[in-house]
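Contents: one structure, followed by commentary.
Computed from the coordinates by the stated procedures, all read-outs in this text should not be read as laboratory data. Remember, predicted model here, so these are calculated numbers, not experimental data. Ideal geometry is used to build each Cβ from the backbone, glycine not excepted, and the neighbour counts take in all protein chains shown.
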Amino acid sequence: MLFKALGKIAQTCVVLFVVSVASFGLLKLAPGDPIQIMLGSEYSQESYDSLRSELGLDQPFLVQYADWAIQFVQGNWGTSYVARAEIFTYAFKEALPVTLTLASFSLVFAILVGVPLGVLSAIKKDTIFDAGSAVLALTGTAFPSFLLGILLIWFFAVKLQLFPVMGYVSPWENFWLGIYHMILPGLTLSTYFIAMITRLTRATLIEVLEQPYIAAARARGEPNWRVVWVHGVRNIAMPLVTILGLQLGVLLQGTVLTETVFNLPGVGQMLTSAVLGREYLVVQAGVMMTAVLFIGVNLLVDLSYPFLDPRLRTSK
Amino acid sequence: MSVQMTKGVAAAPIAATPSPSAKSRRSVFIRRPFFTAALLVAVAYVLAAIFAPHVAPFDPVKQDFNVMMKAPSVVHWMGTDSYGQDILSRVIFGARYALIIGIFSVMIGAVGGLVIGLAAGLSGGWAEWGLMRLIDAILALPSLILAVAFIAILGQGVDKVVIAVGLSMIGPFARTVRSDVMQVRVQLFIEAAQLMSISYLRVVVRHVLPNVIFPLAVQVTIRVSEAILVSSSLSFLGIGVTPPTPDWGLMISEGRDFVSFAPWMSAMPGFALALLLIALSIVGDGVREEFDPKLGKES
């Protein structure tokens with residue numbers, strides 16, 4: 001088991017390496033000569049050459065990559081001219097926490113709503129309730145999140161004036177106000193996941209409930225709620241964690257859109273304004289953070305299987 | 001459920017139907033009413049896109065400052081936007097952009113995925129391992145973020161969006177093609193062909209490729225809706241298609257600032273997009289359940 005885990009970690013490191021080379025290449029592919037931009041319209045060939053060697057741009061690609069990678073790991077990500085800040089502070093310390101807060105809030109909400117809904121539709125299989133939740137699930141997975149966000153703003157913030165239209169308050173500083181500001185964005189982002197989790201829970205639970213150990217539990221005379229919620233639901237943890245790990249990408253791209261709809265200062269807004277301002281260093285930072293997050297979480301998912309399923313603990 | 005259905009069809013009197021192919025084709029539409037309805041909706045969008053100049057009541061980019069932000073009425077069925085442009089006409093022309101961008105970018109993704117997936121599935125050894133890590137690396141970025149990165153390099157515009165979205169979809173295609181190749185590679189008929197000393201290239205083109213193309217085509221129909229969603233998301237973020245192109249994502253984004261007093265500006269193109277996406281995902285599910293060999297074995 002330990003050997004397997006080490007293999008997984010090594011494989012993940014290779015993927016990280018490929019991603020980092022690609023996002024370094026992003027800078028090289030970006031249009032415009034950085035030296036020309038720095039020097040302005042009038043410059044001599046000598047100053048061009050000296051700045052070029054000063055920045056290390058006359059070095060081979062691999063040397064430039066190594067330099068960049070060392071700087072990046074140390075947190076020297078360059079300076080953003082639009083945000084007038086160090087990119088590391090701007091992207092990692094300011095934007096990323098907003099995105100992570102929104103994403104985790106939505107995910108917890110989606111699990112709290114989606115799993116019970118899925119369990120209910122599995123128990124009440126082939127009833128009107130089941131059909132209704134199937135229609136909701138289908139609509140929820142296909143409905144564009146940014147449209148849903150605008151509709152929620154229109155209904156709850158403009159018509160009913162129950163919630164703020166937009167803006168961000170950090171729940172770490174002011175918990176209840178933060179949660180209050182997070183409700184509409186969280187609802188927008190979690191709809192897809194509620195739908196997906198409902199479908200998945202239903203499908204898995206129906207299969208699980210046909211297993212012999214469920215029949216055995218019933219035969220022992222255990223109450224129905226215990227059979228379903230303890231023996232049944234415990235066994236949907238593994239497929240659920242797998243799918244959530246793989247769907248993390250959807251969650252991250254959902255936050256990009258949701259942040260734009262609700263004007264939250266997260267990674268999504270950072271990326272959009274960086275593209276418009278042609279700040280390739282910021283785009284690179286955003287791409288790297290997203291990829292590292294996705295790769296890291298999926299490694300954790302892979303490594304968590306032995307804890308979720310005792311059958312996998314035997315090392316072979 | 002589908003097993004019972006096929007049994008029912010098989011038990012039906014054969015004499016009543018003229019030919020077996022006509023019978024099975026008709027039965028799909030009767031068996032799957034949701035699929036049929038969704039297909040009709042999708043076809044309606046395609047027709048609206050093709051005949052947009054004949055169907056649209058107004059010029060989609062004609063600005064009229066006398067009728068700015070008018071609510072839906074008899075003249076302007078979906079109202080007008082902040083430039084006095086007719087929203088219905090813009091929605092109809094928007095179907096053109098959505099479908100063109102969706103279809104072409106999926107094609108780019110499918111071709112790119114086919115090349116990488118074939119290479120990964122056939123090469124074996126270290127080359128395969130390396131290609132798989134490359135695919136993992138592409139898949140580590142969600143398609144929207146990848147498309148944003150490509151847009152950063154390419155710039156904005158319809159053609160750039162097609163390329164960016166297409167490139168961002170290569171990863172999932174490559175993965176499915178590779179797993180199909182892996183399954184075909186060990187089949188007896190491949191071994192037989194190789195024993196008959198048919199050239200390697202010919203085995204790949206004549207025997208491997210046909211078995212990979214069909215599942216790929218199924219994937220293409222499923223992923224058109226994803227391509228449309230990503231491209232309209234780019235436009236919604238303001239970094240995709242440029243104004244005054246009648247693109248749905250762009251129209252939703254423009255209407256966002258006026259949501260308190262002219263909600264139809266965002267809602268109308270938004271519902272057009274949502275309806276198309278829901279219809280396409282039902283069609284995609286239907287196609288997958290009917291044609292996917294992996295699902296077919298189970299049921």
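Tabulated data for the structure shown
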{"quantity": "Cα-based reach from A:LYS8 at 14 Å (exclusive), listing aspartates and glutamates while leaving out same-chain residues under 8 positions away", "calculated": "A:ASP302, B:ASP136"}
{"quantity": "Acute angle (nearest 10 degrees) that the helix A:175-208 long axis makes with the longest principal axis of chain A, alpha-carbon atoms", "calculated": "50 degrees"}
{"quantity": "Cleavage-rule hits, trypsin sites (Lys or Arg not before Pro), region A:142-237, DSSP coil, Cβ neighbours within 10 Å at most 13", "calculated": "A:ARG220"}
{"quantity": "Span-like helix ranges in chain B, DSSP H, alpha carbon extent 24 angstrom or more, Kyte mean at least 0.5", "calculated": "B:33-50, B:87-123, B:209-237, B:264-291"}
{"quantity": "The protein assembly as shown - Rg (one decimal) and Dmax (whole number), Cα, Å", "calculated": "26.5, 90"}
{"quantity": "Exposed GluC sites (Glu not before Pro) absent - longest run of chain A, DSSP non-H/G/I/E/B, at most 11 other C-beta within 10 Å", "calculated": "A:43-172"}
{"quantity": "Rh by Kirkwood over Cα pairs, then Stokes-Einstein D for region A:273-316 at 1.002 mPa s and 20 °C, µm²/s", "calculated": "166 µm²/s"}
{"quantity": "Nearest 10 degrees, 0 to 90: helix A:248-262 Cα axis against chain A principal axis", "calculated": "70 degrees"}
{"quantity": "Range in chain B, longest, excluding exposed chymotrypsin sites (Phe, Trp or Tyr not before Pro) [loop by DSSP; at most 12 other beta-carbon atoms within 10 Å]", "calculated": "B:52-260"}
{"quantity": "Taking the C-alpha atoms of region B:99-254, convex hull volume expressed per residue in Å³", "calculated": "103 Å³"}
{"quantity": "For region A:121-263, size of Cβ-based charge dipole, Lys and Arg +1, Asp and Glu -1, in debye", "calculated": "360 debye"}
{"quantity": "Long-range amide H partners of A:ALA85 with built H, under 5 Å", "calculated": "A:SER80"}
{"quantity": "A:LEU27/B:ASP159 FRET efficiency (R0 30 Å; Cβ-Cβ; nearest 0.05)", "calculated": "0.80"}
{"quantity": "Rg over Rh, two decimals, region A:88-312 (C-alpha only, Kirkwood Rh)", "calculated": "1.03"}
{"quantity": "Per-pair calculated FRET efficiency, R0 = 30 Å: A:LEU276 and A:GLN59 via Cβ, rounded to 0.05", "calculated": "0.45"}
{"quantity": "In sequence order, calculated HN-Hα J values of region A:65-80 (Karplus, 6.51, -1.76, 1.60; Hz; x Gly/Pro)", "calculated": "4, 4, 4, 4, 4, 5, 4, 5, 5, 7, x, 8, 9, x, 10, 8"}
{"quantity": "Rel. contact order, % - alpha carbon contacts under 8 angstrom, at least six apart, chain A", "calculated": "26 percent"}
{"quantity": "Per-residue average of Cβ from other chains inside 10 Å of B:264-275", "calculated": "3"}
{"quantity": "Degrees between helix A:2-29 axis and first principal axis of chain A (Cα, 0 to 90, nearest 10)", "calculated": "40 degrees"}
{"quantity": "Karplus-derived 3J(HN,Hα), 6.51/-1.76/1.60, for each residue of region A:108-125, Hz, glycine and proline x", "calculated": "4, 4, 5, 5, 5, 8, x, 5, x, 4, x, 4, 4, 6, 6, 5, 8, 3"}
{"quantity": "Within chain B, helix-based [θ] at 222 nm, where runs of 4 or more DSSP H residues each add -39,500 (n - 2.57), nearest 500", "calculated": "-24000 deg cm²/dmol"}
{"quantity": "All aspartates and glutamates inside 19 Å of B:LYS70 as judged from Cα atoms, apart from same-chain residues fewer than 8 positions distant", "calculated": "B:ASP59, B:ASP81, B:ASP86, B:GLU254, B:ASP257"}
{"quantity": "At 0.692 mPa s and 37 °C, Stokes D of chain B from Kirkwood alpha-carbon radius, µm² per second", "calculated": "151 µm²/s"}
{"quantity": "Separation of alpha-carbon centers, region B:126-154 and region A:208-262, rounded to whole Å", "calculated": "30 Å"}
{"quantity": "Spin-label model distance (nm) - A:ALA5 vs B:VAL74, 7 Å beyond Cα toward Cβ", "calculated": "7.5 nm"}
